[in-house]
Amino acid sequence: PWYRTAWAYLLYTLGGLALSFMARKYLTMARANRIAREQAKELARERVVTETLQEANEQLHVANERLTEVNALKDEFLATTSHELRTPITAIQGYASILSEELTGAQREFAEIIDKSSKRLMRTLNSVLDLAKLRSCTIDVHIQTVDLRAYLPEVVEPFVASVQ
């Protein structure tokens, strides 16, 4: 019969080879398709992460701008307040100086304490102004060593007088 001839066996062999080639090709394509789907999922995850990071970056940029504005307003407030406080403190210093010259005894001592305290407050205000200038980069810094023991009696004196 024709299905047992050499030509038939050759066709069977060619058909089997074609079938195995097609099966191998199918498995390769299925694996490539699965890898492509996994890569697509990974790209989608990366896109979501990138969008989230961009939104967070924009929010940080807006917050940074707001903080810069608030910081500038704070420095302006410090400078204005310090200048506004200098006038009454100068008046207090002047009156305390006049009183310490005209009074005697314990009253003179209190006037001198008021004078020293107002001078200390004036130095504090000047320091606040200097700090505002430092933050706005309009002043140069000169570093020097300070002996804290020299300032200690001046700082403690108002508190000692109020305790007695």
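Scanning region 138-156 for residues that are within 30 Å of E69 (Cα to Cα) and either β-branched (V, I, T) or touching a residue at least 60 places away in the same chain (Cβ under 8 Å) (or both) returns T138, I139, V141, I143.
Taking first residues from region 126-137 that are closer than 20 Å to T90 by Cβ and partners that are open to solvent by less than 70 Å² (accessible area, probe 1.4 Å) and acidic (D, E), the Cβ contacts under 7 Å between residues at least 6 apart in sequence or on separate chains come to A132/D75. Within region 2-17, residues that are open to solvent by less than 100 Å² (accessible area, probe 1.4 Å) sit with their Cβ atoms under 9 Å from residues that are in a helix (DSSP H, G or I), at 6+ positions apart or across chains, in these pairs: A8/W2. Tally time: how many residues in region 123-151 are under 30 Å from T80 (Cα atoms), in a helix (DSSP H, G or I) and open to solvent by 100 Å² or more (accessible area, probe 1.4 Å)? Total satisfying the criteria: 4.
Look at Q59 and say whether it is open to solvent by 80 Å² or more (accessible area, probe 1.4 Å), polar (S, T, N, Q), closer than 24 Å to V156 by Cβ and out of contact with any Ser or Thr (no Cβ under 6 Å at 6 or more places or on another chain). Judged against the criteria, Q59 is not a match.
I need the full set of residues from region 74-96 which are of a type in the set (A, V, I, L, M, F, W, C), surrounded by 14 or more Cβ atoms within 10 Å (Cβ to Cβ) and without any contact (Cβ under 8 Å) to a residue 40 or more places away in the chain, in order please.
Within region 74-96, I89, I92, A96 qualify.
Within region 73-132, being polar (S, T, N, Q) and within 22 Å of E157 (Cβ to Cβ) holds for T90, Q93, S97, S100, T104, Q107, S117, S118, T124, N126, S127.
Scanning region 152-164 for residues that are of a type outside the set (S, T, N, Q), over 25 Å from G94 (Cβ atoms) and open to solvent by 80 Å² or more (accessible area, probe 1.4 Å) gives L152, V163.
The values are calculated or read from the model by the stated rules, or taken from the named source; none is laboratory data. Please read these numbers as outputs of a predicted model, since none were measured by experiment. Please note: Cβ atoms are built from the backbone with ideal geometry, for glycine as well, and neighbour counts cover all protein chains shown. The area values use the complete protein model at the heavy-atom level, side chains included, leaving out ligands, DNA and RNA. Shrake-Rupley method; radii C 1.70, N 1.55, O 1.52, S 1.80 Å.
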